[in-house]
Amino acid sequence: MRNRRHLLSDCEGTREIWPAFTDVMSTMALILFVLVLLAYVRNLINSKRLAALEHQITTSEQQLRALHTDLETGRTRLAASQDMLRDQRAIVASSTRQLDALRAQLQSVAVLRVQVLTRLKQAIEAELGPRSDASAPLVTIGDNGNIVINESLVFEFDSFAIKNEAKPVLGTLARALGNLLADGDIRENIDTVLIQGHTDTRGSVAFNWDLSAKRATAVLDYLFETNPALADAYGSYFAAAAYSKFRPLDAAETEAAYQRNRRIEISVIPKDSNVRKVIDDYIQSVNPALEPKPDSP
């Protein structure tokens, strides 16, 4: 009896242990499933992250290659620009040298004109002295480069008759002009020796035109009269011009201004053909395809 009870007790105990073991196994299986699920989800997320990183790396590599290509292109363009800049600098340097040469040649023409006028002025002053009794300069070189002879040296007021005391001065001027024109190098560059007559602003236009013309002509006539060889050899170089009151040196309405404006000017005009030849030679050296235009008949 006792053994039977004992067996019944063991069976009941076994029945109690088995459900507990099943629960434990179910729980462990559930945990294992959750862990596997978590591992799968984590692996899936990491795969997506890895794919995104790989895409980002691929994009970065493409951008890097594009930047490298742009860099190489930029370097090539920079090298080409530097070459072009060097070429332009060489062209500018060459043009500057050519322009300097042209400027020097044109300046030599202008300097020759000033030298001629300076020699004439010195020749007159050697005869007269540079100043009048009132210490006013009777012979000057104006801002335009012309020799300016004060009217009071040559004429009385409102007269075109040459004063006796002016004749030695004009005689010296005639000899000086003859000596200058006898120099072939100087004569080659001179187109005209222009004797200009100027009056002050008082009086009518017609009267001043007539007076300035007569004064310029009187001076030129006396130059030829006192030095006939000048007219015979170089008469074609001379001309007289009247400017009336229209080119005053002083716009003031004072006696001093009027006296300054009444004057004879001597202008040496260079040959345009010589200046044009200098320019044509320069153009020809810059672009040989450009032919200079022939002189008009």
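Contact map, the stretch 143-166: residues that are on the phi < 0 side of the Ramachandran plot and assigned to a helix (DSSP H, G or I) paired with residues that are among the small types (Gly, Ala, Ser) and surrounded by 14 or more Cβ atoms within 10 Å (Cβ to Cβ), Cβ distance under 8 Å, separation 6+ or inter-chain. Pairs shown: SER152/SER132; LEU153/SER132; LEU153/ALA166; VAL154/ALA166.
The C-beta contact set for the stretch 241-266 (first residue more than 13 Å from ARG215 (Cα to Cα), second residue of a type in the set (Gly, Ala, Ser), distance under 6 angstrom, 6+ apart or interchain) comprises ASP250/ALA257.
Per-residue answers, yes or no, for (1) on the phi > 0 side of the Ramachandran plot; (2) touching an Asp or Glu at 6+ places or on another chain (Cβ under 7 Å); (3) part of a helix (DSSP H, G or I):
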residue	(1), (2), (3)
ALA233	no, no, yes
ALA241	no, no, no
PHE246	no, no, no
GLU253	no, no, no
ILE269	no, yes, no
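Contact annotation: residue pairs with Cβ atoms under 7 Å, 6 or more positions apart or on different chains, pairing a residue in the stretch 175-189 that is in the same structural domain as TYR234 (by TED's automatic domain parsing) with a partner that is of a type in the set (Lys, Arg) and assigned to a helix (DSSP H, G or I), are ALA176/ARG119; LEU180/ARG119; LEU181/ARG187. Scanning the stretch 195-231 for residues that are under 25 Å from GLY145 (Cβ atoms) and outside any helix (DSSP H, G or I) gives ILE195, GLN196, GLY197, HIS198, THR199, ASP200, THR201, ASN227. For the stretch 128-156, the tally of residues that are over 43 Å from the mean Cα position of the chain (by Cα) and either surrounded by 12 or more Cβ atoms within 10 Å (Cβ to Cβ) or modelled with pLDDT under 75 (or both) stands at 10.
The values are calculated or read from the model by the stated rules, or taken from the named source; none is laboratory data. On a predicted model such as this, the values are computed, not experimentally measured, just so you know. So basically every Cβ, Gly included, is an ideal-geometry build from the backbone, and we count neighbours across all protein chains shown.
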